[in-house]
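S.K.: Here it is: the structure, laid out below.
What follows is calculated from the coordinates using simple rules that are stated; it is not laboratory data. All values derive from a computational prediction rather than experimental measurement. As a convention, Cβ positions derive from the backbone with ideal geometry for all residues, glycine included, and neighbour counts pool all protein chains shown.
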Amino acid sequence: MLRIFYGEPESQNYIFNPDAFFNNTYEDEWITDPLSKQMIKDVDGSDVVGPRLIDSPFLGPVPAERLSGGVKTLMLMNFDTDHIFNASACGDNCAPWILRIAQNKDLTIRLGYLMDFGKDPFDIEIVNIHKVVHSMKELNESVLDNRLI
Amino acid sequence: MTGKYNIEVYNNRVHYFLTVKRNITILQGNSATGKTELLRLISDHETNGVSSGITLLCDKRCTVLTPVDWELRLSGLESSIVFIDKTAGFIKSKRFAELVKGSDNYFVIVTRDDLSQLPYSIEEIYGLKNVSDNQKYKSYRRIYNEMYKLYDFNISKEFEPDTVLTEDSHSGYEFFKLLYGEKCISAKGKSNVYQCIRDNSDKQILAIVDGAAFGAEIGKIYRYLDSNQVKCIIYAPESFEFLLLSAGFIDVPDDVTDETWKYADSKLYMSWEEFYTDYLIKNTYGTIYQYNKTRLAAPYKTEGIISKVISVMPDELLLK
């Protein structure tokens, strides 16, 4: 299930800059994992040639460190179980992947904006108010009514 | 700092154009649209100059401010365009807002989070858009990016508001109450606009806000309106004072309102809203139109002035 903390968490396992954190912690296997490949293709439009080479239509051949901050954060969400990551590093185009990752694990993230999780029903717990919501209408209202951002 | 500046930066793979004309510009958008790459190019160019292989064309110095000793570095910058990435936690700090106020620099900030302590314009929130042709895309050549504005609201010609909501609680509210009568209510500040819309969400709403300083609020409200299908139009002229200056009852050179970047010095004005208010007060001082932001003077309530202001508002917003 996906759990979202809105605002500024004070917990010690919160990672504000997942881009930098990824560069210094990622494993080669993360890059070649089938789900990672799909996310890299969908978000960055890039193909994984190998664990140390990404073929980007915009940037040419680049190392994993040059992937977008969004897709790096997605991989951290998928492979790292010890931290809460700042999902404001992810744009709306990462939202379906966040929901998908959270289908297979309990995932807690931080957001500072109203990410669009789409029109399909979902289960998201707003950590600040311990409330589970099922639609964007419910999510946006709950966040704004409680002035969480 | 005043002025409007075109920035063009490119290497052999990516090519960016953007124009900045106010002290604060915000870059948002999906992941992988090239925001971080833009800042990387500017940073590399600054570090290595011509040796970087990057071309940067701009009449002002462009620099990237990182979290390391940011206050110290910022204190040494002037007449520059300062780019800041979302990974710089200080952009949400009170100290940063204090240093932006009175700064001789323009700031271009990459962030999806709202920066509620900064009065930025809804007009200066941009998303990067790719505009490359297919051949170049396929051959991994340069991608041309242009900036596009978010939040362009379409105004329906059939729209008839049940409630007119103003961000302003003083002169602006008084004026619009004359125009819309009892339908008009004040939100008493921009941070209350959401709640007022929410309280009236079963009605057709016209919300009038000062666009020049509403940037931190517009994203939240836009998302709320979208997810809740609320029949609400946000009308966001620069400010109420901008409407008065545009109405032409005092002699104002066209470019004060049309090319405000020539006049609104970032050292003196945190937002163009402040500039328009100051300009109106100074240029009506000692005349029958002497302007007071807290109370609307009698001459502004006359039919002649009201009709002049109406003439610069979109027809669709006027009651039928």
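S.K.: In Å³ and rounded to a whole number, note down the convex hull volume per residue for the Cα atoms of the range B:163-314.
M.R.: Hull volume normalised by residue count: 112 Å³.
S.K.: On to the next question. For chain B, what is the largest minus smallest coordinate of the Cα atoms on each principal axis, given in angstrom and ordered from greatest to least?
M.R.: The Cα atoms of chain B stretch 64, 46, 34 Å along the principal axes, largest first.
S.K.: For a quick protection proxy, order the peptides A:89-102, B:300-313 by their average other-Cβ count within 10 Å, most packed first. Don't skip to the end; give the middle numbers.
M.R.: Values: A:89-102: 21.0, B:300-313: 14.0.
Peptide ranking by packing, descending: A:89-102, B:300-313.
S.K.: Using modelled backbone amide H atoms (1.01 Å from N, in-plane), which distant-in-sequence or interchain residues come within less than 5 Å of residue B:128's amide H?
M.R.: Under 5 Å from the amide H of residue B:128: B:28.
S.K.: When the Debye formula is applied to the Cα atoms of the range B:5-149, each taken as the same point scatterer, what base-10 log of I(q)/I(0) results at q = 0.15, 0.17, 0.18 Å⁻¹?
M.R.: Calculated log10 I(q)/I(0) at the listed q: -0.75, -0.96, -1.07.
S.K.: Let me ask you something else. Give me the net charge of residue B:114's neighbourhood, meaning all other residues with Cβ under 10 Å from the Cβ of residue B:114; Lys, Arg count +1, Asp, Glu -1.
M.R.: For residues surrounding residue B:114, the net value is +1.
S.K.: Another question, if that's okay. What number do you get for the range A:25-144 when its Cα radius of gyration is normalised by 2.2 N^0.38 Å, N = residues? It would help to have the intermediate numbers written out before the result.
M.R.: Numbers: Rg = 15.1 Å, N = 120, 2.2 N^0.38 = 13.6 Å.
So the Cα radius of gyration is 1.11 times the expected 2.2 N^0.38 Å.
S.K.: When 1/r is averaged over all different Cα pairs and the result inverted, which Kirkwood radius in Å belongs to the protein assembly as shown?
M.R.: On the way: mean 1/r = 0.0417 Å⁻¹.
In the protein assembly as shown this quantity evaluates to 24.0 Å.
S.K.: I would also like to ask the following. When the Cα centres of the range B:47-84 and the range A:1-76 are compared, how far apart do they sit, in Å?
M.R.: 27
S.K.: Around residue B:68, what is the net charge, scoring Lys/Arg as +1 and Asp/Glu as -1 over all other residues with Cβ under 15 Å from its Cβ?
M.R.: That sum, taken over residues with Cβ under 15 Å, equals -3.
S.K.: Could I ask something else about it? Net charge near residue A:27: determine it from the other residues with C-beta under 11 Å of the C-beta of residue A:27, scoring Lys and Arg +1 and Asp and Glu -1.
M.R.: Summing Lys and Arg as +1 and Asp and Glu as -1 gives -4.
S.K.: Considering only C-alpha atoms, what is the centroid distance from the range B:203-230 to the range A:101-136, in Å?
M.R.: One Cα centre to the other: 23 Å.
S.K.: Need one number: % antiparallel among DSSP beta bridges in the range A:8-140, to the nearest 5. Mind dumping the intermediate values first?
M.R.: Numbers: 9 of 13 bridges.
Percentage antiparallel, nearest 5: 70.
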